[in-house]
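First up is the structure itself, then whatever we jot down about it.
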Amino acid sequence: MSGPIQASTPHLFLSKEVSQRTLLAGLALTSFAALLLELALTRLFSVVLFYHFAFLAISIALLGLGAGGVFAYLLKRWVKRFDTRTLAMRICMLNSVTVLIVLEIVLHVPVALEVSWKNFMHLTALYLAAAVPFFLTGVLFSVVFARETRRVSRLYGADLGGGALACLAVVPLLNWIGGPNSILFASVALTVAAAVWAPSHNARRVAGALLAAFLLLIAGNLSDKLIDVVYAKGLFRDPAWVEFARWNALSRVEVDRQGQAKVAVIDADASTYIMNVEPEQWRNAGWERDLMSAPPALANVLRPHGEYAIIGPGGGVDVLRAVANGSPSVTGIEINPIIANTIMRGRYATYSKHLYQRPDVHIHVTDGRSYLRSTPQQFDVVQMTLVDTWASTAAGAFALSENNLYTVEAFREYLEHLKPEGMIAITRWEFREPREALRVVAVAMEALHSLGVADPAQNFIVASQGPLNEDGIPVVVLAKKTPFTEEEESAVQTHFDSYDELNPLYLPSDPGNNPFAQLIASNDPYRFARNYAYNVAPVTDNTPFFFFTLKAAQILGGRGMRNGIDWKVNLGVLVLLLVLAISLVAVLAFLILPLAIHGSRQSPIPLLYFVAVGLGYILVEIAFIQRFVLFLGHPTYALTVVIFLLMLSSGMGSLFSRRWLRRTELAWMPLGVVIIALVGDVFFLPHVLAAWVGLRLAFRLIISGLLLAPLGFVMGMPFPTGLRALSAKSITGISVGDDENNAVEWAWAMNAAASVLGSVLAMVIAIQFGLTATLTCGAAAYLLALLLLPTLHRVTA
């Protein structure tokens with residue numbers, strides 16, 4: 001976000017005296033509700049829409065808050081009719097009902113991943129509808145801050161304290177009551193705020209009745225699922241399929257019946273079958289052929305009695321195969337506690353034959369890379385099979401925990417945790433024109449190069465389940481630090497002879513003639529990718545967008561968007577551009593044009609300062625969220641921790657700026673500190689986070705605070721300092737005290753507009769140039785603000 005919600009002009013509104021306790025409690029509760037709604041919407045968007053849309057919540061919230069401030073100014077004569085408490089109470093009560101309506105719209109408006117006029121209208125309707133609660137919040141905050149300027153420092157504290165509390169509350173709320181109910185809890189907070197604002201006993205009774213209604217609705221929805229997912233990914237979700245459903249901060253997991261089988265479905269998209277056989281009886285039950293005819297079984301053929309580390313074991317397919325083949329120790333690393341604990345070791349433990357409770361199976365609920373970084377154990381096989389839940393948050397499109405599992409740095413860590421003759425076994429989907437498993441080979445090649453393997457031509461075996469004559473074929477990539485031996489190749493060939501379903505794509509002694517052989521023979525994955533139809537170059541932690549394989553020409557020309565089941569991933573870039581267009585139109589319609597039509601004659605040069613500050617803040621915030629996904633283990637954790645720390649520390653910076661920066665010219669100091677700190681982060685932050693990613697979560701949270709809070713403190717100073725300059729009538733030739741020519745509203749609008757558009761631009765920059773470039777652009781924006789600072793004249797606070 002662009003920092004603390006700022007005040008509109010102080011002299012526009014009249015009000016009766018409001019007690020400080022009422023002001024602080026009412027603002028804190030309203031701020032709590034607004035940020036809780038924003039964070040919960042990201043989780044809901046990730047389920048009912050494709051994950052590309054999840055980051056919309058940031059853009060929506062910023063647009064609504066900014067537009068609310070602008071319209072409060074334009075409707076000032078109407079607003080003057082109400083005292084502060086009455087107006088705030090009515091807005092909160094209206095907003096609580098609006099949140100419920102928005103929830104129903106999000107759940108019932110199908111948005112498919114397709115480029116069509118109908119889909120564009122659905123997305124636009126959803127975007128604008130979801131902005132309404134934030135718009136109402138923006139109106140309320142504008143009025144209160146404008147009328148209570150003498151208590152603005154405490155109001156800032158209440159505002160940011162409520163928002164920070166929402167960051168802390170969202171994870172337990174999602175875990176305890178689920179996504180829709182967490183959104184309804186925002187309505188509960190708004191009704192409590194309405195009761196606090198209420199000017200009379202009767203008004204409090206009305207707010208209390210509304211509060212009781214929402215609490216009853218949440219209670220009923222916990223058991224009867226009155227409000228739940230109706231459309232997901234543009235398709236109707238038949239509740240008759242669902243045996244069990246549970247939300248948490250990471251995803252929504254349901255167990256569906258598919259004939260006699262039971263399937264765990266993550267965010268209405270990715271799925272994993274729950275195993276239903278004793279490992280000792282899998283031959284008699286007919287499971288052996290099904291499981292051993294799959295490509296991942298090659299690891300079990302070569303290391304039947306090895307020790308396995310399985311990242312993302314899901315319903316236990318790889319675990320069952322390893323145990324049944326004789327592995328004495330299987331370590332499963334599952335990030336989602338619903339799958340590992342609630343399903344596999346709880347509700348469906350009997351159905352799964354207690355697979356995850358066997359003495360030779362060790363399940364750890366954590367992020368795969370964090371676990372491997374923290375354990376000294378060496379394995380014979382590190383295995384990942386189709387790990388791609390596509391679950392995201394406001395960390396942004398493509399902000400997946402899985403993306404960080406498919407980088408060069410990740411593969412190097414896997415290889416370093418192998419025994420001398422160990423191997424990694426990575427299975428991905430593949431297509432008529434290979435790109436996913438092919439990129440796995442490219443990433444593994446680069447990781448082997450970094451470990452000193454000059455030519456890894458003998459270090460790969462690649463196989464598919466049948467020929468690549470259709471899309472959606474699983475392909476396994478086996479890679480070792482040492483060459484595969486003749487005996488190992490012979491064992492693999494014997495397995496191919498036993499299972500006609502399996503098809504070799506690359507063997508060291510028989511490489512064949514296909515893209516896999518060509519890539520490995522080139523020994524230069526970057527040069528190969530430049531000449532290949534798709535972008536299969538190795539990805540790093542700086543650009544962890546493994547699943548995006550389209551090149552710029554394919555995006556701009558529309559080619560390749562539906563060539564394969566990965567079109568829904570690649571279409572994410574078009575979605576980003578679509579959202580950018582919607583955001584631009586919305587900014588013009590709701591922020592810029594209203595003030596322009598109002599007849600303001602502001603000089604644009606000083607206002608560019610606020611554009612630069614807003615753009616810099618949001619670019620830095622999103623870059624940090626992306627960077628901390630790997631460090632903290634999941635996008636939801638990164639989102640809540642980064643926003644919490646930046647919001648709280650920026651609020652403190654805003655409060656202290658009034659005391660420390662009494663003259664506008666002194667604002668160069670925090671701007672200079674921000675620029676220097678960001679330049680340092682560009683060079684050192686990735687290495688610092690990588691060095692400490694293996695620590696326990698509590699220590700990683702402390703380190704996050706030490707890294708982010710000081711920077712957030714100084715980032716909170718430039719905007720309020722500039723705003724005070726405008727409110728002190730310091731722009732040459734402009735009397736900002738005139739209602740018809742007020743620069744503060746323009747500063748609000750420009751800052752909000754830059755934040756809305758910057759939230760999308762941050763992801764575009766990250767995808768095209770990397771997270772380091774995004775952070776560098778944030779530093780450049782603050783440098784521009786420093787250069788524009790002289791346009792704001794000296795002012796005494």
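Results, tabulated for the structure shown:
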| read-out | value |
| --- | --- |
| Above-threshold pairs, the threshold being 31 Å between Cα atoms, out of Lys80/Lys118; Lys233/Lys551; Lys419/Lys551 | Lys80/Lys118; Lys419/Lys551 |
| Potential lengthening between Ala219 and Met669 on full extension [0.36 nm per residue; Cα-Cα distance subtracted] | 156.8 nm |
| Distance between modelled label sites at Glu243 and Phe683, nm, 7 Å Cα→Cβ extension | 5.8 nm |
| Portion, in percent, of the accessible area of the stretch 161-229 that falls on carbon or sulfur, probe 1.4 Å | 69 percent |
| Residues whose placed amide H lies under 5 Å from that of Thr385, excluding near-sequence neighbours | Thr427 |
| 1.4 Å probe accessible area per residue over the stretch 292-356, in Å² | 24 Å² |
| Accessible surface of the stretch 310-350 [probe 1.4 Å, protein heavy atoms]: carbon and sulfur percent | 50 percent |
| Computed label-point distance, nm, for sites Gln281 and Val230 using a 7 Å Cα→Cβ extension | 4.5 nm |
| Packing-based order for 374-386, 495-507, using average beta carbon neighbours within 10 Å, highest first | 374-386, 495-507 |
| Accessible surface, per residue, of the stretch 153-253 when the full set of protein chains is kept, probe 1.4 Å, Å² | 40 Å² |
| Hz values of 3J(HN,Hα) by residue in the stretch 692-699 - Karplus curve (6.51, -1.76, 1.60), Gly and Pro given as x | 10, 5, x, 6, 5, 4, 4, 5 |
| Estimated FRET transfer efficiency (Thr350, Asp497; beta-carbon r; R0 45 Å; 0.05) | 0.75 |
| Solvent exposure, largest accessible area first (probe 1.4 Å, DNA, RNA and ligands not counted), of Trp117, Trp287 | Trp117, Trp287 |
| Selected from Gly66, Met93, Phe82, residue furthest toward positive end of dipole (the stretch 65-142; charges at beta carbon) | Phe82 |
| Per residue, in Å², the accessible surface of the stretch 69-140 once ligands and nucleic acids are set aside, probe 1.4 Å | 41 Å² |
| Additional length obtainable on full extension of the chain from Trp176 to Ile101, 0.36 nm per residue less Cα span | 24.7 nm |
| Rough spin-label spacing in nm, given labels placed 7 Å along Cα→Cβ, for Ala691 and Gln357 | 4.4 nm |
| Gain in span if fully extended, His122 to Leu577, counting 0.36 nm per residue against the direct Cα distance | 162.2 nm |
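The values are calculated or read from the model by the stated rules, or taken from the named source; none is laboratory data. It should be emphasised that the depicted structure is a prediction, and the values quoted were computed from it without experimental measurement. Ideal geometry is used to build each Cβ from the backbone, glycine not excepted, and the neighbour counts take in all protein chains shown. Please note that ligands, DNA and RNA were not included when accessible areas were found on the heavy atoms of the full protein model with its side chains. Shrake-Rupley method; radii C 1.70, N 1.55, O 1.52, S 1.80 Å.
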